[in-house]
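Trainee: Starting off with a structure, shown below.
The values are calculated or read from the model by the stated rules, or taken from the named source; none is laboratory data. This structure is a prediction, so every number in the text was calculated from the model and none was measured. All Cβ positions, glycine included, derive from the backbone under ideal geometry; neighbour counts span all protein chains shown. The accessibility values were calculated without ligands, DNA or RNA, using every heavy atom of the protein model including side chains. Shrake-Rupley method; radii C 1.70, N 1.55, O 1.52, S 1.80 Å.
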Amino acid sequence: KEQIAAGIDPAEAEEAIRRAALRRRANTFGAAVEDYLRLHVIGPNPAKLKQRNGREVRRLLLRTFMPIWGDLPITAITRDQVRDVIEDVRDYGTAAMLAKRGAKEKHHNGAAKPTPGQARNLFSYLRAFFSWTIERGDFGLEVSPCDRLRATRLRGAQRSSDRTLTDLELFAFWRAALRTPYPYGAVHRMLVLTGLRLNEVADASWGEFDLKEKLWTIPARRMKGTDDAARPHAVPLTSDMLAILEELPRFKGGDFLFSVTGGTSPVWMNDKVKKRLDVKMLRCLRALARMRGEDPAKVKLAPWVNHDLRRTLRSGLSRLRIDHDVKEAVLAHVKPGIVDRYDRYDLAVEKREALEKWGARLRDIVQPTPENVVSFAARDLSSAVGR
């Protein structure tokens, strides 16, 4: 009655309220993230991601920020909130950060564990997301809450690693990978044979392979780089790689090599996979120590990450006296400056020779005669490390 008396149509007023609510809902952090993932990260075809690391970006944004900011207007998120979340992830881990904010994850006790690497990735992904929303102009955001936050101070400086696996660790790694079920063990064996990055192997599909020509061509969209910096990368398939491919199942419903969904989506190589591999490696190393008459309890496995396999291959090629340009080509490193623009020879023959030599060297390490590993009496190495 008051609206009618004021000359306002109640139906129109109700519709205006509804439209305003829809606008607020469309401008929430959650709605913006969904658009960002759909339009910029994943794209229309989940099998052909727009971003090389699209699955990781999606997982971390949804897991970390949606439970705490999903219903907030994107313009309401402050610099202090961003800083506090990233610092809590850095110092206590994602689960503890969420629990602190009343968003405890299912099947997780929220125990505190510092994860500076996770914090680095989260801040990078979040900063890219807010930059996209401003550029898009659909969400009313004019200034990113990540502005004026210094990445190195907030997340800690990223430390470069010089870790490579020793021959004994490579032996233990290969044995552990062989004892790790599909698809995880096969992914790790392909990593050390190819020197590729984790997702470049884990996301492989059969359409990329020419088995007749013994060639694996990874499209530019799956390689590291932006815009025209990313290039397709050809991997010559050695006998060791082909042997692994022959072991893999072929799915009728999907094209991905390494999958737990019948080939419809690639496998996710999470931290638990790596931890289980480390346990098997340490067990093998301690068995070898026991055979040498040493105290196995004193044997430790120094921390390492999957990317160290790439560095191990690169170092191994140096020991094999492989030419510098060939080593860089194996790792898909773009030639510097003007050289790349004018010299487009892909060193295909040389890369094949280098990877074959590395494969032979790796076989010498992982399939040795006993005296090449340790000196001990006539005991069977395979049975000992298999315990």
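Trainee: Looking at segment 220-240, which of the residues that are part of a helix (DSSP H, G or I) and among the charged types (D, E, K, R) is nearest to Lys113 (Cα to Cα)? Full working, then the answer.
Mentor: Start the filter on segment 220-240 by keeping residues that are part of a helix (DSSP H, G or I), which leaves 220-222, 227-229, 239-240.
Still in the list and also among the charged types (D, E, K, R): 221-222, 227-228, 240.
Details: Arg221: 34, Arg222: 32, Asp227: 37, Asp228: 39, Asp240: 39 Å.
Checked segment 220-240; the qualifying residue nearest to Lys113 (Cα to Cα) is Arg222.
Trainee: Only one of these conditions is not met by Ala151: (1) modelled with pLDDT of 90 or more; (2) aliphatic (A, V, I, L, M); (3) more than 30 Å from Leu248 (Cβ to Cβ). Which number is it?
Mentor: Going through the list (1) modelled with pLDDT of 90 or more; (2) aliphatic (A, V, I, L, M); (3) more than 30 Å from Leu248 (Cβ to Cβ), Ala151 breaks only (1).
Trainee: Please find, within segment 40-91, the residue that is modelled with the lowest pLDDT out of those that are among the polar types (S, T, N, Q) and open to solvent by 20 Å² or more (accessible area, probe 1.4 Å).
Mentor: Applying the first criterion (among the polar types (S, T, N, Q)) to segment 40-91 yields 45, 51, 53, 64, 75, 78, 81.
Within this subset, residues satisfying the condition of being open to solvent by 20 Å² or more (accessible area, probe 1.4 Å) are 45, 51, 53, 75, 78, 81.
Working: Asn45: 78, Gln51: 82, Asn53: 84, Thr75: 92, Thr78: 95, Gln81: 94.
Within segment 40-91, the match that is modelled with the lowest pLDDT is Asn45.
Trainee: Read through the list (1) open to solvent by less than 20 Å² (accessible area, probe 1.4 Å); (2) within 16 Å of Asp167 (Cα to Cα), then give the number of the only condition that Ser315 fails.
Mentor: Checking Ser315 against (1) open to solvent by less than 20 Å² (accessible area, probe 1.4 Å); (2) within 16 Å of Asp167 (Cα to Cα), the one that fails is (1).
Trainee: Any idea which of Ala20, Ala11, Ala16, Ala31 is open to solvent by 50 Å² or more (accessible area, probe 1.4 Å) and either modelled with pLDDT of 80 or more or over 25 Å from the mean Cα position of the chain (by Cα) (or both)? So that I can check it myself, show each step before the final result.
Mentor: Values: Ala20 fails: open to solvent by 50 Å² or more (accessible area, probe 1.4 Å); Ala16 fails: open to solvent by 50 Å² or more (accessible area, probe 1.4 Å); Ala31 fails: open to solvent by 50 Å² or more (accessible area, probe 1.4 Å).
Going through Ala20, Ala11, Ala16, Ala31 in turn, just one is open to solvent by 50 Å² or more (accessible area, probe 1.4 Å) and either modelled with pLDDT of 80 or more or over 25 Å from the mean Cα position of the chain (by Cα) (or both): Ala11.
Trainee: Looking at this structure, is Ala243 more than 22 Å from the chain's Cα centre (by Cα), surrounded by fewer than 14 Cβ atoms within 10 Å (Cβ to Cβ) and in a helix (DSSP H, G or I)? Write out each step before concluding.
Mentor: Numbers: more than 22 Å from the chain's Cα centre (by Cα): yes; surrounded by fewer than 14 Cβ atoms within 10 Å (Cβ to Cβ): yes; in a helix (DSSP H, G or I): yes.
Criteria met by Ala243.
Trainee: For segment 196-253, give me each residue that is touching a helix residue (DSSP H, G or I) at 6+ places or on another chain (Cβ under 9 Å) and on the phi > 0 side of the Ramachandran plot.
Mentor: Lys214 - this is the single residue of segment 196-253 that is touching a helix residue (DSSP H, G or I) at 6+ places or on another chain (Cβ under 9 Å) and on the phi > 0 side of the Ramachandran plot.
Trainee: What single numbered condition from (1) out of contact with any Gly (no Cβ under 7 Å at 6 or more places or on another chain); (2) part of a loop (DSSP other than H, G, I, E, B) fails to hold for Thr264?
Mentor: All conditions are met except number (1).
Trainee: Then there is this: Quick test for you: out of Glu353, Glu371, pick the one residue that is modelled with pLDDT of 95 or more and either open to solvent by 80 Å² or more (accessible area, probe 1.4 Å) or not in a helix (DSSP H, G or I) (or both).
Mentor: Working: Glu371 fails: modelled with pLDDT of 95 or more.
Exactly one of Glu353, Glu371 is modelled with pLDDT of 95 or more and either open to solvent by 80 Å² or more (accessible area, probe 1.4 Å) or not in a helix (DSSP H, G or I) (or both), namely Glu353.
Trainee: State whether the residues of segment 198-207 include one that is surrounded by fewer than 21 Cβ atoms within 10 Å (Cβ to Cβ) and outside any helix (DSSP H, G or I).
Mentor: yes
Trainee: So, in segment 113-138, exactly how many residues are within 14 Å of Phe29 (Cα to Cα) and either open to solvent by less than 10 Å² (accessible area, probe 1.4 Å) or touching a strand residue (DSSP E or B) at 6+ places or on another chain (Cβ under 8 Å) (or both)?
Mentor: Residues that pass the stated criteria total 4.
Trainee: Then there is this: For the list (1) open to solvent by 40 Å² or more (accessible area, probe 1.4 Å); (2) within 21 Å of the chain's Cα centre (by Cα); (3) without any contact (Cβ under 8 Å) to a residue 40 or more places away in the chain, I need the number of the one condition that Arg101 fails.
Mentor: Only one criterion is unmet by Arg101, namely (2).
Trainee: Just checking, does segment 275-295 include any residue being open to solvent by less than 20 Å² (accessible area, probe 1.4 Å), modelled with pLDDT under 95 and either closer than 23 Å to Ala47 by Cα or not in a helix (DSSP H, G or I) (or both)?
Mentor: No, because not a single residue in segment 275-295 is open to solvent by less than 20 Å² (accessible area, probe 1.4 Å), modelled with pLDDT under 95 and either closer than 23 Å to Ala47 by Cα or not in a helix (DSSP H, G or I) (or both).
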